[in-house]
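The values are calculated or read from the model by the stated rules, or taken from the named source; none is laboratory data. A quick note: this is a predicted structure, and the numbers were derived from the prediction, not measured. Here the Cβ is made from the backbone with ideal geometry for all residues, glycine too, and neighbour counts use every protein chain on show.
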């Protein structure tokens, strides 16, 4: 690799590592942020292949209160926003389902 400084001087370096940015190698669902939240939070997830994705939110009794994603998506890293302004304070669960992968995580809405 050739490094060129602002003054025109240059230096050659060996490439010691390679970082690949793009498609993840596994399914993952991250903890929402912020948590606890009021009234909005972000949920990140990653999928290694194109496919149908479902991301839903449930209350403490198991009743579905929101569908955040319900569509085909491309492989990659994704973020969705959840606005809970119409819901009351409490513990909620969000579930990601796609191509045989299912994961549920907990979040807290504090008003």
Return a yes/no flag: does the stretch 79-98 have any residue that is at pLDDT below 95 and part of a loop (DSSP other than H, G, I, E, B).
no
Does the stretch 66-76 contain any residue that is touching a strand residue (DSSP E or B) at 6+ places or on another chain (Cβ under 7 Å), touching a residue at least 12 places away in the same chain (Cβ under 8 Å), exposed (fewer than 15 other Cβ atoms within 10 Å of the Cβ) and more than 20 Å from residue 28 (Cβ to Cβ)?
yes
How many of the residues making up the stretch 40-61 are closer than 17 Å to residue 108 by Cβ and out of contact with any strand residue (DSSP E or B) (no Cβ under 6 Å at 6 or more places or on another chain)?
1
